[in-house]
Amino acid sequence: MNMNKTDLETLKKDDIKTVSPIERREFLKIGLAISGIFAGGTILSVVSNMNKVFASPEEFSEKYPYKPHYSMVIRQDRCIDCELCMEACVITNNVPDYGYRTMILEKEVPDAIGQKKEFIPVLCNHCNNPPCVRACPTRATYKDKKNGIVMMEYGKCIGCKTCVVACPYNARYFNEEKHSIDKCNFCFDTRLSKGEKLTACAAACPAGVRIFGELSDVNSEVYKLIHQIAKPVWVLRPEIGAKPNIFYMKG
Amino acid sequence: MPNEPKAPKVSEIAKDLAKSFDSSVVASWYSNIVGFLSGSRSFYVLLAITGLIVFVSSMAALNAINTGYRHTYNVTREIPWGILISTYVFFVVTSTGLCIVSSIGHVFGLKDFMPIAKRSVFLSVVTIFGGFIVLFFDVENPFRMALYNVISPNLTSNIWWMGTLYGAYMFFMAVEFVFLLIEKHKLAMYAGLSGLLSGIAAHSNLGAIFGMLHAREYWYGPYMPIYFILSAMASGCAAIIFFTWLGYKVNNERMDKPMERAMEVVGKLSTLLLAVLMFFTTWKIITGLVASPGKVEAIKALLTGPYALNFWLFEVLIGMAGPFVLLLYSRWKNLGMMFTASLLMITGIFVMRYDLVVIGQVVPSYHDLGVKESLHLLPYIPSFHEIMVVAGGFGVVATAFLIGEKIFSGHKSEIH
């Protein structure tokens, strides 16, 4: 920095009175985001977020490993547990009643001030480094080279259920009718490959919780939601190092 | 290794094999089968019981296939690996252990271990077969496994390596047994060495299936592959003492001096391995208590939670401390006491395998998130069908053991 002593001395004193309330609010917001105190400290500070949150840090904002790089941002605080997403998923993908591809978890905080309950939708995280794909003995589950979706080749599944145990997100179940493990594939076979732009769950959500899109497209909503620092963005179970493509945020 | 092993030519092996199947060998086997038919009454009662267990449990297993595992087994989406996987692990642990411990004699040439070789090799084939039978009724599409393991292998998958290496292992052990039968000891040594290497590789891969699942904190880490080899040796020693003692009862014979000596050294090795096992278990628990929340929860489930009885009574008392004291007290001479110790060890180790497999899954995936669905440990209790398949596995091993004792007339072998 080229700031010499005289420059500093000529600066006006930065009194609290000279800072506008808007400036203060913006400053505080950044402070909270950086210190990561939201959601009871479960959120990572923005410093490490750069590494942890973005699907692929080395290619952050420049390019993502897949084209299109499908991703979903879940605006958690908007979820009201109406379960329309789950219903749409069941109908679209023919999910049996004993299984699910997506679920809404419920968190209760009885001693919280005001709102005491929140809902957390979960689904396959389509990880960039998927533990299930490594574990599968027959490559029945694989990461699509083009779009990064973690898919199933049902006929190859031997039903050893190692992928079910390997998944950090409880995203897999054995489907009796298919005689194979079944899981979310971002509705690739039922919608995306037929020209639809959204997954069934994202299309069905009345509250705009599930924002689905292409992370490698700088104009997409998911790109914009993730590449900002005013609001914290996080992923579930970052310590596993699976590099998930489902992001969470509030507000 | 005994003598200087010269690589035998294929033609020589073929010639040896052809020679071995000459009339005298066939005649001796024939007389053994006749001997089998003229076994004692209590032997047939035992055989009838084990045969009945196999029959009844195969009915239950077929019923499970017919009805669908989802309806007949208590495994869930959250706990997909239950008692069938743990029993499979138990059997292959025992098989690998039998292979490792017996190889000290017939592969590495320690004379004291020679007399147990034949029975151990036979039982290592039998126990892994028992394990595969149990696994057959756990995996949903076992026939696809045979096909896609070959045409669509995933080389990063521990399951793939385990399956492939155990296939090789079973082949080598069976070949070794045949060579031992026809008294081709050098060839048996080569087959035994190949079996040992593939067995250790396979078994550590089985440990790595658990140890490399980084989403499961209870299992994750290098401990599992190492521990699996150690516990295999402990299981192997217990199985050798157990089956040798029983074998002599079944044949109504007294052990000769070399066999008594073999039992003594295996007994001593068991005692040492139990001490190491207790050491491993202690540090596994102490480090586990200072770990991520998920792992601490799992360790607590074992120490003070729903698995505390399994742990303290079965794993610690029956599986380790009890037999340790008994073995010391037997001074490795009192065979009855050693047999009791081995029976306790086998019982305890069975529960160890169960706890190891199930507790790795009882902490819900979203435990740290504090959601309602993940506040409590997940429940699992084996169903009737699952227990029947386990019983079937034991039945198959017991039946094969009994028949083996008669057909191969007590697995006697000369010391070379």
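The values are calculated or read from the model by the stated rules, or taken from the named source; none is laboratory data. The structure presented is a predicted model; accordingly, all values stated were derived computationally and were not measured. When we count neighbours, we look across all protein chains shown, and the Cβ atoms used for this are built from the backbone with ideal geometry, even at glycine. In case anyone asks, the SASA skips ligands and DNA or RNA and just uses the protein heavy atoms, side chains included. Shrake-Rupley method; radii C 1.70, N 1.55, O 1.52, S 1.80 Å.
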TODO: State whether one or more residues within segment B:213-226 are more than 14 Å from chain A (Cβ to nearest Cβ), more than 24 Å from residue A:166 (Cα to Cα) and assigned to a helix (DSSP H, G or I).
DONE: no
Open item on the list: For segment B:280-297, check the following and say yes or no: at least one residue is in contact with a Leu (Cβ under 6 Å, 6 or more places away or on another chain) and touching a residue at least 24 places away in the same chain (Cβ under 8 Å).
Closed with: no
Open item on the list: As an exercise: evaluate residue B:332 against (1) outside any helix (DSSP H, G or I); (2) more than 14 Å from chain A (Cβ to nearest Cβ); (3) free of Cβ contacts under 8 Å to residues at least 24 places away in the same chain and give the number of the one condition it does not meet.
Closed with: (3)
Task: Candidate set from segment B:127-185 (those that are outside any helix (DSSP H, G or I) and either away from every other protein chain (no Cβ under 13 Å) or more than 21 Å from residue A:157 (Cβ to Cβ) (or both)); member that is least open to solvent (accessible area, probe 1.4 Å) - done: B:182
Open item on the list: Give me the residue from segment B:360-416 that is of a type in the set (Gly, Ala, Ser), buried (at least 19 other Cβ atoms within 10 Å of the Cβ) and within 14 Å of another protein chain (Cβ to nearest Cβ) and, out of that set, farthest from the chain's Cα centre (by Cα).
Closed with: B:374
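Residue B:289 - would you say it is open to solvent by 50 Å² or more (accessible area, probe 1.4 Å) and more than 25 Å from the chain's Cα centre (by Cα)? Can you show your working first?
On the way: open to solvent by 50 Å² or more (accessible area, probe 1.4 Å): yes; more than 25 Å from the chain's Cα centre (by Cα): yes.
Yes; evaluated as a whole, the condition is true for this residue.
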- [ ] Find the residue count for segment A:153-173, including only residues that are out of contact with any Leu (no Cβ under 9 Å at 6 or more places or on another chain), touching a residue at least 24 places away in the same chain (Cβ under 8 Å) and either under 18 Å from residue A:190 (Cα atoms) or more than 7 Å from chain B (Cβ to nearest Cβ) (or both).
- [x] 4
Open item on the list: For the structure I just gave you, tell me whether residue A:102 is under 21 Å from residue A:192 (Cα atoms) and open to solvent by 20 Å² or more (accessible area, probe 1.4 Å).
Closed with: no
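Looking at the structure I just gave you, is residue B:360 modelled with pLDDT under 95, part of a helix (DSSP H, G or I) and out of contact with any Gly (no Cβ under 9 Å at 6 or more places or on another chain)?
Answer is no for this residue.
Rundown of residues vs (1) in a helix (DSSP H, G or I); (2) surrounded by 14 or more Cβ atoms within 10 Å (Cβ to Cβ), yes/no style:
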{"site": "A:182", "(1), (2)": "no, yes"}
{"site": "A:212", "(1), (2)": "no, yes"}
{"site": "A:216", "(1), (2)": "no, yes"}
{"site": "A:219", "(1), (2)": "no, no"}
{"site": "A:223", "(1), (2)": "yes, yes"}
{"site": "A:229", "(1), (2)": "no, no"}
{"site": "A:236", "(1), (2)": "no, yes"}
Task: Subset of segment B:56-106 (residues that are hydroxyl-bearing (Ser, Thr, Tyr) and either outside any helix (DSSP H, G or I) or within 14 Å of chain A (Cβ to nearest Cβ) (or both)) - done: B:67, B:69, B:72, B:73, B:76, B:86, B:88
Task: Contacts under 8 angstrom Cβ, first residue in segment B:174-189 being under 19 Å from residue B:110 (Cβ atoms), partner β-branched (Val, Ile, Thr) and open to solvent by less than 20 Å² (accessible area, probe 1.4 Å), 6 or more apart - done: B:176/B:121; B:180/B:121; B:189/B:107
Open item on the list: Condition check: crowded, with 20+ Cβ neighbours inside 10 Å and either away from every other protein chain (no Cβ under 14 Å) or in contact with a strand residue (DSSP E or B) (Cβ under 8 Å, 6 or more places away or on another chain) (or both). Does residue B:195 satisfy that?
Closed with: yes
Open item on the list: So residue A:150 ticks every box in (1) within 11 Å of chain B (Cβ to nearest Cβ); (2) at negative phi but one. Which box is left unticked?
Closed with: (1)
